[in-house]
There are 2 protein chains.
Amino acid sequence: MIKITFPDGSVREYEAGITGLDIAKSISNSLARDIVSVSVNGTNLDATRPIHTDATIKLHKFDDPEGKYAFWHSSAHLMAEALEALYPGVKFGIGPPIDNGFYYDVDLGEDRVLTDADLPDIEAKMSELAKQKNDYQRQEVSKQEALDYFSDKGDEYKLELINELEDGTISFYQQGNFVDLCRGPHIPNTGFIKALKLTSIAGAYWRGDENRKQLTRVYGITFPKKSMLDEYLEMLEQAKERDHRKLGRELELFMFSNRVGQGLPIWLPKGAALRERLENFLRSVQRKHGYQQVITPHIGQKELYVTSGHYAKYGKDSFQPINTPAEGEEFLLKPMNCPHHCEIYNSKPRSYKDLPIRMAEFGTVYRYEQSGELHGLTRVRGFTQDDAHIFCRPDQLKDEFIKVIDIILYIFKVLDFNDYTAQISLRDPGNKDKYIGTDENWEKAEAAIIEAAEEKGLHTTVETGEAAFYGPKLDFMVKDAIGRKWQLGTIQVDYNLPDRFELEYIGSDDHRHRPVMIHRAPFGSMERFVAVLIEHTGGKFPLWLTPDQVVVLPISEKYNDYAQKVLNYLNNCDIRTLIDGRNEKIGRKIRDNELLRIPYLLIVGENEQNEESVSVRRQGEGDKGTMKLKEFEQYLNKEIDKLLLY
Amino acid sequence: MIKITFPDGSVREYEAGITGLDIAKSISNSLARDIVSVSVNGTNLDATRPIHTDATIKLHKFDDPEGKYAFWHSSAHLMAEALEALYPGVKFGIGPPIDNGFYYDVDLGEDRVLTDADLPDIEAKMSELAKQKNDYQRQEVSKQEALDYFSDKGDEYKLELINELEDGTISFYQQGNFVDLCRGPHIPNTGFIKALKLTSIAGAYWRGDENRKQLTRVYGITFPKKSMLDEYLEMLEQAKERDHRKLGRELELFMFSNRVGQGLPIWLPKGAALRERLENFLRSVQRKHGYQQVITPHIGQKELYVTSGHYAKYGKDSFQPINTPAEGEEFLLKPMNCPHHCEIYNSKPRSYKDLPIRMAEFGTVYRYEQSGELHGLTRVRGFTQDDAHIFCRPDQLKDEFIKVIDIILYIFKVLDFNDYTAQISLRDPGNKDKYIGTDENWEKAEAAIIEAAEEKGLHTTVETGEAAFYGPKLDFMVKDAIGRKWQLGTIQVDYNLPDRFELEYIGSDDHRHRPVMIHRAPFGSMERFVAVLIEHTGGKFPLWLTPDQVVVLPISEKYNDYAQKVLNYLNNCDIRTLIDGRNEKIGRKIRDNELLRIPYLLIVGENEQNEESVSVRRQGEGDKGTMKLKEFEQYLNKEIDKLLLY
């Protein structure tokens, strides 16, 4: 008998050789129907793998990341099986699970080209094979056996992969007639796959090398329930509607120019004004929390980044150095603001009484990304961090950490991100030489983060080994209105830069001490945050933030003068107001302005003019009745105050 | 007889061969005593040169730029004469007049080194020679005569200069025993020089070429009256006290770091806050005038600047291109914002009804300057322009120009620069192919500028031939509190970029038209303006702008709690307040805080605490009596409102 320990700490005894699936069945049949893989002592394995020794296990449903991994990996094999059935002789590259689904890179031969029109047939074949409930069977093979199999099959891609593997570590998986080189894990059988969709076709160089053959990459996604696919497709549809690149263009928030360069956002007037309001909001929150703004240049001498260590680590992969026409100087576009802030810290002697120093900057940084990686505002080559660095004494670390969490949570609340999680990343205690700093400092810092997160009642996951080499960190993920997760704020503890820049303060003992640094950015960057905000709100920004708050719609040109009077009144109250004075029917004007996501539409005609009032419509909600101007102003300001009243 | 026309248009007849000096004498002897040179038909000449034909003349006193030129040029000769008397065998390079005085580059031979200790002797010799009232005598010489003279004298520098001149254009000037190669003009005699001061000694390569010999450059300044020298030296002393580099350090406004790079300003918290207030002030003024803010990246593809023409013109002398690690792209640090703004203009179709479009950006640009040229915030390698570009129809040009003048004058007024002049720069009509654009556009644009300046009642000078190649412009010079002139705002008309970027709008005639661009920057740059503001105010910034408005000084630690109460009250009223809670005597605290230029010092002790009041001192002015807190708040806000009430 072996002892199996469950996540809740309970222990049961089973026969040696029992599988995760059988353990699930021992609990309930309905549980067993949902189990797609099992973690044994932390390793994600087939639910059908026998367990021979005492072990700690976790049974995974599709909802777990480990479950999804096995499910979508198995789905890639299912797609491969379907492709082989439909296109005999097809060769296979790699076929991994990804964040949302899976893909397989395939070589269909010289003459065959796959198009979207072919996808329904492949889906049909996959469904047919899924219904056969074929088991995924694991077989450990020798390197020679593996080479022989794929030589016979004539698949040079798999042969190349096998040649790089060590004998004794190689396994095949088979379902139905399809055999693949694979480490696993996989789901018990194809019957688990109840709903599927192939989403797109793209080209992909074999092993990402543009000098090698271009294969066909087929993307797909699968689910254990039909309703989950429907929800997913609905979410995709909504995501398309909310795509910040589309809305950014429609709402004239930002643009890109090929002549200026790809991945370099240009903020148009409405976007710049929105960003300015966000920055002012952060500025004001930070001022209240004792932050001081600084402004530093967008370049620094190469020497600065040699000192910080960034040049050695990233120099080769970044924008290359800028030479001067004379004097032989070398500058770099700044990839981060911290080295500049360390230089400010070092510009005068600091005493323990001066700490903490909280130095904030909306600092625009530039980092090279390959053009294929660029994506709207979320993956760019230049972005403005809502950056700050806190220089504090070790004994102030926990308190400062708590204060940063407070700011981030306050900001999430005001901006309506109410669903968030946090991840604490600690160092791997078994691999200490990967990290710099003393054991004592690490222990203090990790304890400070864990306690701070606990005191604030954060829902956290703890990831060991995920700390940066210079210190532990806390990252925030927010869930948007259609359930997608985005990484936003980050708080990082740093022992490295204070060392490298030899930062010091004179302690109460009159000796020199080294401060600790905290890096923090609640938004991450203005670009990233605005992108997430657009996708979260679908372009319907909070009233205080939105570019245009009110549009006045005269029902005919006769009332344009009165509309102007309304506009003047509201603009004087600092309410951002437009007029749609076009010679169009009022219905058309309402429709057009609803599309522009302007929160309030004020319709004015004969009655309104006589009574000095406006007919109020809320975008997406409809009629709110007629109000006097003063009344509308108060109504609006109440909504804004409520939003900022936390 | 010849006809002489005076600046007021009056005409008098004189014998042919009369001199400017004689003409002055014909008016009054006291006038003649002040005349140092004369412009004949626009050319600045010796007042003792005979005039042989009808001419328009202007008699120059020392106060005219032409007068100063002759005066200081003659003073350089006087210094040379003194040097030759004191250091026989000294050789001379060039010795021109400059903005404030003159210098001469001299070669004293291998063994002699000039130091500051030698200057009094040279000054004494100069005074002695000045008192001799030796005439400056002009003599036209052939090239051979000139070469012979300086060969005999053994001055290889003058020989090199003569060799580059054309025969028939060469003249000598002699005063006393000293003869120099010189074009002139000069003052009548050395007796005009009544006060003199040699200010410094520096090294200077012959002809600015670091591969040639280093000569000794001696700087000096002279005046026709002793009192003028005293005033000048007093101004120099004041300028030293007001030096923005010194005050910037003392008031902790900005810093430079060798590791970040020379010429790259880093704004410290107090400086960044001051700059932010200035930017917000401009933003709000510009918003009221229909400007829209945009934000563009700090780099652009080389292609962008090839299109704009900047690369061909400045590429070699700028920061060199930034390469990407892959993909072979080339970027440049942006030296100006206009190309980016043209790309925004081009991002959608524009109609005549959309114009004018006024696009503003606080855009940080980078331009390489040699390290020797760098100077505090006035000559830097990176600076933030308070930039805007107005895209308008040709028929809107004059109106838009007037509106820009309005903004600039409003800003000067609020910031207390009440003494300013403006220069209109037009093209040289005799050299039209130096410029781009049609005659018609130039005439319209020049007329628009001249009329706009006239309508606003500006005191302008008109400089023909000083226009940019792409259009005429208007530059503003302000005089600071100690009489120095600084160039600040500029307004430029541009026909070039609209052509190069093929900017268009659809006119009311449904045809495509080209808009005109106006470039404008009221401050020039935030860096330059803050430097000028520091030197103008001596660091005593206007109350609304100054980093810290109030400091509370408890007379002993017993009153620190009450001081905190005062601080909280004032900070709640958005009055920027500090406490000086050090355990120091109140007299010391007052002195220290006066030096920090904090406008209001509030002294609190027993009485103030009991009465909930403060004892108010104005920095540099002293006691203003005791006030209740509310009273002081109102007192302060009244001062701020008054400042902004234009």
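The values are calculated or read from the model by the stated rules, or taken from the named source; none is laboratory data. Quick caveat, the model's predicted, so the values are computed rather than measured. We place every Cβ from the backbone using ideal geometry, glycine too, and count neighbours over all the protein chains shown. Just so you know, the surface numbers come from the protein's heavy atoms only, side chains and all, with ligands and any DNA or RNA stripped out. Shrake-Rupley method; radii C 1.70, N 1.55, O 1.52, S 1.80 Å.
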Point to revise | aspartates and glutamates with Cα under 16 Å of A:K585, excluding same-chain neighbours fewer than 8 positions away | key: A:E557, A:E594, A:E606
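Protein chains only, probe 1.4 Å: how do A:D494, A:D135 rank by accessible area, largest first?
On the way: A:D494 0, A:D135 85 Å².
These residues rank, largest area first, as A:D135, A:D494.
Which loop chymotrypsin sites (Phe, Trp or Tyr not before Pro) in region B:268-307, with loop taken from DSSP, have no more than 11 other Cβ atoms within 10 angstrom of their Cβ? Before the final figure, lay out each step's value.
Numbers: sites: B:F281, B:Y291, B:Y305; in loops: B:Y291.
Passing sites in region B:268-307 do not exist.
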Point to revise | Karplus (6.51, -1.76, 1.60) ³J(HN,Hα), θ = phi - 60°, over region A:504-509, in Hz, Gly and Pro reported as x | key: 9, 9, 8, x, 5, 8
Check your understanding: If you line up the Cα atoms of region B:422-504 on their principal axes, what length do they span on each, largest first, in Å?
Key -> 46, 25, 24
Review point. Based on the Cα coordinates of region A:376-485, what is the per residue volume of their convex hull in Å³?
Key: 139
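State, as an integer percentage, the relative contact order of region A:547-628 based on alpha-carbon contacts under 8 Å between residues 6 or more apart. Could the numbers behind the result be given before it?
Working: 142 pairs, mean separation 26.1, N = 82.
Relative contact order comes out at 32 percent.
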Study note, to complete from the structure: Any residue on another chain or 5+ positions along whose placed amide H is under 5 Å from the amide H of B:H60 is listed here as B:V36, B:S37, B:V38, B:S39
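Are there chymotrypsin sites (Phe, Trp or Tyr not before Pro) in region B:430-481 that DSSP puts in a loop and that have at most 14 other Cβ atoms within 10 Å, and which ones?
Details: sites: B:Y435, B:W442, B:F469, B:Y470, B:F476; in loops: B:Y435, B:F469, B:Y470.
Qualifying residues, ordered by number: B:F469.
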Review point. Which one of A:Y103, A:S74, A:Q139 has its Cα pushed farthest toward the positive end of the charge dipole of region A:66-240, where Lys and Arg give +1 and Asp and Glu give -1 at the Cβ?
Key: A:S74
Point to revise | Flagged links, alpha-carbon separation over 18 Å, of A:K125/A:K194; B:K240/B:K540; A:K125/A:K197; B:K246/B:K334; A:K270/A:K628; B:K434/B:K473 | key: B:K246/B:K334; A:K270/A:K628
**Study point:** Buried on assembly, region A:281-299 (at least 20 Å² less accessible surface than by itself, 1.4 Å probe)
**Key:** A:R283, A:Q292, A:Q293, A:V294, A:I295, A:P297, A:H298, A:I299
Check your understanding: Can you give the percent of C-alpha pairs in region B:123-188 whose distance is more than 14 Å?
Key -> 59
Review point. Over the Cα atoms of region B:550-644, what Rg and Dmax result, in angstrom?
Key: 12.3, 38
Review point. So for region B:498-588, Kirkwood radius off the Cα pairs, Stokes-Einstein at 20 °C and 1.002 mPa s: how many µm² s⁻¹?
Key: 117
Practice item. Provide the per-residue ³J(HN,Hα) series for region A:135-151, in order, calculated from phi with Karplus coefficients 6.51, -1.76, 1.60 and θ = phi - 60°, each as a whole number of Hz, with x at glycine and proline positions. Key: 5, 8, 9, 8, 9, 7, 10, 7, 4, 5, 4, 5, 4, 4, 4, 7, 5
Revision key, fill the gap. Cα-based Rg then Dmax for region A:468-525, in Å, read 16.4, 56
Check your understanding: For region A:307-423, what are the per-bin percents of Cα-Cα distances with bins 10 Å wide, up to the bin holding the maximum?
Key -> 10, 28, 34, 22, 5, 0
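Can you give the FRET efficiency for A:E373 and A:H289, using 1/(1 + (r/R0)^6), R0 = 35 Å, r = Cβ-Cβ distance, to the nearest 0.05?
On the way: r = 35 Å, r/R0 = 1.00.
In this case the efficiency is close to 0.50.
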Practice item. Go ahead and run the numbers for FRET between A:E123 and A:D63, Cβ-Cβ distance against an R0 of 22 Å, rounding to 0.05. Key: 0.40
Review point. Hey, if we sort B:H511, A:H310 by accessible area with the 1.4 Å probe, largest down, what's the order?
Key: B:H511, A:H310
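Calculate the FRET efficiency for A:N177 and A:D148 from the Cβ-Cβ distance with a Förster distance of 25 Å, rounded to the nearest 0.05.
On the way: r = 18 Å, r/R0 = 0.73.
Once the sixth-power term is evaluated, E becomes 0.85.
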**Study point:** Rounded accessible area per residue of region B:477-587, 1.4 Å, Å²
**Key:** 40
Check your understanding: Stretch A:R618-A:Q487 to full length: gain in nm at 0.36 nm per residue minus the Cα-Cα span?
Key -> 44.0 nm
Study note, to complete from the structure: Normalised Cα Rg of region B:136-225, dividing by 2.2 N^0.38 Å with N its residue count, works out at 1.26
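With the Cα gyration tensor of region B:236-341 giving a ≥ b ≥ c as the square roots of its eigenvalues, does the rule (a/c under 1.5 for rounded; else a/b larger than b/c for prolate; else oblate) give rounded, prolate or oblate?
Because a/c hits 1.5 or more and a/b fails to exceed b/c, region B:236-341 counts as oblate.
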Check your understanding: Based on the Kirkwood radius over alpha-carbon pairs, what value in µm²/s does the Stokes-Einstein equation return for the translational diffusion coefficient of chain B at 37 °C and 0.692 mPa s?
Key -> 113
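Please give the per residue accessible area of region B:66-240, computed with a probe of 1.4 Å over protein heavy atoms only, in Å². Intermediate values should be presented prior to the final figure.
Values: 8530 Å² over 175 residues.
Computed with neighbouring chains in place, this is 49 Å² per residue.
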Practice item. Take every Cα-Cα distance within the protein assembly as shown, group them into 10 Å bins from 0 onward, and report for each bin the whole-number percent of pairs it holds. Key: 1, 7, 12, 16, 18, 15, 12, 8, 6, 3, 2, 1, 0, 0
Exercise for review: Give, in nm to one decimal, the length gained when the segment between B:D399 and B:S347 is fully stretched (0.36 nm per residue of separation minus the Cα-Cα distance).
Suggested key: 16.1 nm
Review point. Region B:220-324: which trypsin sites (Lys or Arg not before Pro) are DSSP loop and have at most 15 other beta-carbon atoms within 10 angstrom?
Key: B:K225
Review point. Taking θ as phi - 60°, what are the ³J(HN,Hα) couplings along region A:465-478 by the Karplus curve (6.51, -1.76, 1.60), each to the nearest whole Hz, with x for Gly and Pro?
Key: x, 9, 5, 5, 5, 9, x, x, 8, 10, 10, 9, 10, 10
Exercise for review: Please work out the average accessible area per residue across region A:403-474, using the 1.4 Å probe convention, and give it in Å².
Suggested key: 49
Study note, to complete from the structure: The correct pair for region B:66-240, radius of gyration to one decimal and Dmax as a whole number, both in Å and from Cα atoms, is 15.9, 50
**Study point:** Euclidean distance of C-alpha centroids, region B:153-205 and region B:588-613, integer Å
**Key:** 60
Check your understanding: Using a simple spin-label model with points 7 Å from Cα along the Cα→Cβ vector, what separation in nm is obtained for A:H459 and A:K434?
Key -> 2.8
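Over the residues of region B:45-103, compute the C-alpha Rg and express it relative to 2.2 N^0.38 Å. Provide the component values of the computation, followed by the final result.
Working: Rg = 14.6 Å, N = 59, 2.2 N^0.38 = 10.4 Å.
Rounded to two decimals, the normalised Rg is 1.41.
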Exercise for review: Please work out the Kirkwood hydrodynamic radius for region B:1-77, using every pair of different C-alpha atoms, and report it in angstroms with one decimal place.
Suggested key: 12.3
Practice item. First compute the accessible area of the protein assembly as shown with a 1.4 Å probe, then give the percent of it belonging to carbon and sulfur atoms. Key: 45
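Please compute the average number of Cβ atoms from other chains found within 10 Å of each residue's Cβ in peptide B:357-366.
On the way: counts 1, 1, 3, 2, 2, 0, 0, 4, 0, 5.
Mean inter-chain Cβ contacts per residue within 10 Å come to 2.
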Check your understanding: Given a 1.4 Å probe and no ligands, DNA or RNA in the count, how much accessible surface is buried by A and B, both sides, to the nearest 100 Å²?
Key -> 4900
